Structures are given as structure tokens and as C-alpha cells.
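In what follows, a single structure is set out as C-alpha cells and then discussed.
The values are calculated or read from the model by the stated rules, or taken from the named source; none is laboratory data. Because the structure is predicted, anything quoted here is derived from the model rather than measured. Positions of Cβ are backbone-derived with ideal geometry, glycine not excepted, and every protein chain shown enters the neighbour counts.
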């Protein structure tokens with residue numbers, strides 16, 4: 001199964017729509033999670049036909065900001081668990097009857113509201129059924145370690161620690177990537193104010209990693225948005241987006257620690 005997660009930075013203009021259609025055509029995903037649609041649920045609905053993914057759950061934008069949506073193709077069994085301002089949470093049933101959990105996240109960008117994102121992750125973790133595979137992905141709007149950011153001011157250690165603690169509390173851990181290290185750039189033309197960060201990622205529990213040992217996560221090339229799409233494949237070992245780096249975090253002794261993954 002192929003899953004795409006992308007902060008599309010609004011779908012109210014031609015280049016953004018074309019970028020989304022390009023992602024759909026190139027990746028042919030089974031499930032797509034979009035954040036920052038900047039559209040109402042009714043406005044988002046037309047994209048399920050454009051993408052050929054006829055099922056959808058969406059949360060309205062707030063004015064012309066935020067907004068999230070999850071699309072999936074006919075024949076993929078998805079059951080909604082819950083959704084809100086920051087997440088869409090579903091169960092996916094495979095052809096063999098096995099069930100795993102998938103959560104699309106869109107973290108708060110304002111520093112004073114980030115605690116709400118971590119509270120949501122913790123709450124979702126408390127609602128998790130022991131032994132069920134779970135993957136949680138999207139734009140968390142935070143980094144975990146210093147080298148996930150270049151340019152601008154240094155991120156306070158306490159901010160990164162709170163993010164890590166929320167993941168650990170939920171039993172989730174970063175599962176790495178292939179491609180460019182950074183998923184977001186501010187595209188400032190002045191070198192001294194140019195900033196790159198790894199804000200988008202896929203995390204999963206041990207059960208999900210055991211169920212899909214051949215999974216891959218790729219930071220795909222940018223398309224219109226200042227965020228790169230995440231492309232997650234649950235099977236196979238064919239990796240696209242070549243030439244980049246591979247990295248991740250490993251869950252050990254109840255916490256996440258940095259690990260280097262061979263290229």
C-alpha cells in the first residue's frame with residue numbers, strides 16, 4: 001500500500017492544484033493525507049474525483065488557514081476513528097483481515113499552541129489498542145534533534161524534548177527516510193535568513209514496523225508547496241528520490257535515541 005502525506009499550502013490556486021495532481025499521477029497512492037488545504041470540506045470534495053480517490057474525510061479550514069483531508073481509493077477498507085483540528089485517525093483493514101491504525105497529523109505552528117499537538121498525540125496513544133500496528137505521520141511542525149534544522153535561531157531543547165516525550169508516551173518512534181534531509185524551506189532569497197527544517201515525518205510503533213518490515217519513507221521532490229511530500233510504501237524495498245540521506249530514530253528502553261542507518 002502506498003500512502004502520501006503533504007502540507008500542500010493551500011489548494012485555492014492553479015499551481016497548487018497542479019502540484020497535487022502531479023503527486024497523484026506520479027505516485028498513484030492508495031491513501032492521501034493533506035494538511036493546510038485552506039478550504040472548506042465542500043470545496044475539498046472535488047479533489048477526490050480529480051485524484052481518483054473516491055472516499056474522503058475532511059476538516060474545514062479556519063478562515064483561509066489550516067484544513068486537513070484524508071482520501072482513499074475504492075477497495076481500500078478504511079474506518080474512521082476520530083478527527084479534529086489537528087488529526088484524522090482511521091483503522092485500515094487489509095485483504096487478509098488484519099487491522100492497523102493510521103493517523104494523519106498537522107501540528108500547531110504557533111509556539112504557544114504546540115502543547116496542544118503534544119496533548120493530542122498523548123491522548124491518541126491512550127486510546128490505542130495494545131498490539132495493534134500504528135503509523136502516525138504528517139507535518140508535526142517541530143524537529144526532534146538539532147541537525148534537523150539549518151539557519152535561523154536555534155530551537156530550544158525543551159521544545160524538542162516535549163515532542164520526543166509525546167511520541168514516547170504514545171509508543172511511537174521516527175521510522176527514518178530516504179531523500180533530502182529537510183522537508184520544509186522558507187525559500188528566502190537572502191542567505192542569512194534562509195531556513196530549512198525537517199517538519200514532516202512518519203512515526204510508528206514496534207508492531208507496525210514488524211508488520212511491514214520492507215517499508216520505505218521517501219522525502220519526495222517539492223511541488224509548489226514549501227513542504228516536500230512524504231511517500232510511504234508499506235511493502236517492497238524499491239526506494240525512489242535517490243541520492244539523499246537516510247536516517248531515523250530508534251525506540252530503546254522506552255525512549256527514542258538517534259541512530260545512524262547505513263546508506
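Summary of values
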read-out: Single residue of segment 62-82 satisfying the filter (exposed (fewer than 15 other Cβ atoms within 10 Å of the Cβ), out of contact with any strand residue (DSSP E or B) (no Cβ under 6 Å at 6 or more places or on another chain) and within 21 Å of residue 107 (Cβ to Cβ)) that is modelled with the highest pLDDT; value: 62
read-out: Index of the failed condition, residue 110 passing every other in (1) within 16 Å of the chain's Cα centre (by Cα); (2) at pLDDT below 95; value: (1)
read-out: Condition broken by residue 26, with the remaining ones in (1) more than 24 Å from residue 234 (Cβ to Cβ); (2) modelled with pLDDT under 95 satisfied; value: (1)
read-out: The one condition in (1) surrounded by 11 or more Cβ atoms within 10 Å (Cβ to Cβ); (2) in contact with a strand residue (DSSP E or B) (Cβ under 8 Å, 6 or more places away or on another chain) that residue 114 fails to fulfil; value: (2)
read-out: Residue under evaluation residue 9, criteria (1) more than 18 Å from residue 234 (Cα to Cα); (2) touching a strand residue (DSSP E or B) at 6+ places or on another chain (Cβ under 8 Å); (3) free of Cβ contacts under 8 Å to residues at least 60 places away in the same chain, criterion not met; value: (3)
read-out: Test: residue in segment 21-37 that is surrounded by fewer than 17 Cβ atoms within 10 Å (Cβ to Cβ) and touching a strand residue (DSSP E or B) at 6+ places or on another chain (Cβ under 8 Å); value: yes
read-out: Options 152, 107, 171, 97: the member that is touching a helix residue (DSSP H, G or I) at 6+ places or on another chain (Cβ under 7 Å) and on the phi > 0 side of the Ramachandran plot; value: 171
read-out: Search result, residues across segment 25-38 that are over 16 Å from the mean Cα position of the chain (by Cα) and within 16 Å of residue 227 (Cα to Cα); value: 38
